[in-house]
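A short reminder: the numbers here are calculations on the coordinates, not readings from a lab. Just so it is clear, the model here is predicted, and its values are computed rather than measured. Don't worry about glycine lacking a Cβ; one is built from the backbone with ideal geometry, like all the others, and counts go over all protein chains shown.
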Amino acid sequence: MRLIDSCEMSIVAEKIVRRLHLSGLIGFDFMLEEQTGNPYLIEVNPRATQVGHLTLAQGAIFPRLFTQP
């Protein structure tokens, strides 16, 4: 498991969120095809997923993004 910055995955996640009117913590899990590197959405979870604790850009911690005023 690793954190990947992928424009394709972000676009897919954003479209699903808009279409289904989702809000809150939602986890999108993708797998990359070994030969091509193409991402495939395998599941959507209505909760923070295992990587929710990872540090993001400039030291931001994901769960704190939703708890600070």
Legend entry - Candidates per GluC sites (Glu not before Pro) in the range 14-46, loop by DSSP, up to 14 other Cβ within 10 Å: GLU33, GLU34
Legend entry - Fully extended contour minus Cα-Cα distance, from ALA48 to ARG19, at 0.36 nm per residue: 8.5 nm
Inset, instruction - Give me the number: length gained by fully extending ILE26 to LEU41, i.e. 0.36 nm times residue separation minus the C-alpha to C-alpha distance, one decimal in nm. - result: 4.1 nm
